[in-house]
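J.: Following this message is one structure expressed as structure tokens.
The values are calculated or read from the model by the stated rules, or taken from the named source; none is laboratory data. Bear in mind that the values here come from a model prediction, so they are computed numbers and not experimental data. Positions of Cβ are generated from backbone atoms using ideal geometry, with glycine treated the same way; all protein chains shown enter the neighbour counts. Ligands, DNA and RNA are excluded from the accessible area calculation, which covers all protein heavy atoms including side chains. Shrake-Rupley method; radii C 1.70, N 1.55, O 1.52, S 1.80 Å.
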Amino acid sequence: VLAVGIATIIRTTFPYINDYLLFGMTEFIIFGVELLSVVFVFFVIFQFTIRKKGKRFTLQLSMMLAVVSLPFTLVITTSTAAFMLLACVGAGVAGYYLMPYIIYADFAHKNELMTGEGRAGFYTSFPSIPLNGMQALSAFLWGFIFELPAIVPVPRQTTFVSQGYLLW
């Protein structure tokens, strides 16, 4: 179920910075470099946090970072503030992408110790079936939500965007 929210966040990020924040080409490039840097830095941070506090705490921390930062999309109107906000959301999403593989590896290792059979392929392939289903549900919900009436004013512009941005 978490995949529905994460897929919606990822799917909405680019329309948000394009339609609402009105990023130009330079800002898109800066955003891409920033996002890549944030993901790499937080992979290292999460690695140390996992060693010190454990996987559960680290996953909860990364998800809370995304949850706490998303409501600020309602008040962010400048590029500088948007870069800080998107870095926080990117850090949360980085945790989401890092954690499942660590958990699958733990399951596969424990199963191999208990049964003597290597089943790592099962633990990495089977979870993708419900994951893909949830991502498809996310695409359906995204289309429904962002087809709502365009009533949200874009800062410093005379245009409006979908009410879906408020729900997002």
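J.: Using the heavy atoms of the protein chains and a 1.4 angstrom probe, tell me the accessible area per residue for the chain in square angstrom.
T.: Numbers: 10220 Å² over 168 residues.
Result: 61 Å² per residue.
J.: Calculate the FRET efficiency for N18 and K55 from the Cβ-Cβ distance with a Förster distance of 35 Å, rounded to the nearest 0.05. All intermediate terms of the calculation are to be shown ahead of the outcome.
T.: Numbers: r = 35 Å, r/R0 = 1.01.
Step by step, r from the Cβ atoms, then E = 0.50.
J.: Pick out which of F72, F46, F122 has the largest mean-square fluctuation in a Gaussian network model of the chain, springs linking Cα atoms closer than 10 Å.
T.: Ranking F72, F46, F122 by mean-square fluctuation puts F122 first.
J.: Moving to a separate point now. Rounded to the nearest 20 debye, what is the charge dipole size of the chain about its Cα centre when +1 sits on each Lys and Arg Cβ and -1 on each Asp and Glu Cβ? Each step should come with its number before you reach the end.
T.: Numbers: 9 positive and 7 negative charges, 104 e Å.
With only Lys, Arg, Asp and Glu charged at Cβ, the dipole is about 500 debye.
J.: Among T13, T77, T26, which one shows the biggest mean-square fluctuation in a GNM of the chain, springs joining Cα atoms closer than 10 Å?
T.: Result: T26 has the largest fluctuation of those listed.
J.: Follow-up question, since we're still on this one. What's the Cα-based Rg to Rh of the stretch 35-168, Rh via Kirkwood? If you can, show how the numbers build up before the last one.
T.: Numbers: Rg = 19.1 Å, Rh = 17.6 Å.
Ratio of gyration radius to Kirkwood radius: 1.09.
J.: Does the stretch 91-164 come out rounded, prolate or oblate, given a ≥ b ≥ c as the square roots of the eigenvalues of its C-alpha gyration tensor, rounded meaning a/c under 1.5 and, failing that, prolate meaning a/b above b/c?
T.: Numbers: a/c = 7.58, a/b = 2.97, b/c = 2.55.
The shape class here is prolate.
J.: With springs connecting C-alpha atoms under 10 Å apart, model the chain as a Gaussian network and identify which of L74, L137, L86 has the largest mean-square fluctuation.
T.: L74
J.: Please name whichever of I30, L148, T115 sits farthest to the positive end of the charge dipole of the chain, dipole taken about the Cα centre and charges placed at Cβ: Lys and Arg +1, Asp and Glu -1.
T.: Comparing the listed Cα positions along the dipole, T115 ranks first.
J.: Give me the base-10 log of I(q)/I(0) for the stretch 1-114 at each q in 0.14 Å⁻¹, Debye formula, one uniform scatterer per Cα, rounded to two decimals.
T.: Per q value, in the given order, log10 I(q)/I(0) is -0.61.
J.: Where the centre of each part is set by its Cα atoms, how far does the stretch 1-61 sit from the stretch 109-168, in angstrom?
T.: Taking the Cα centre of each part, the stretch 1-61 and the stretch 109-168 sit 14 Å apart.
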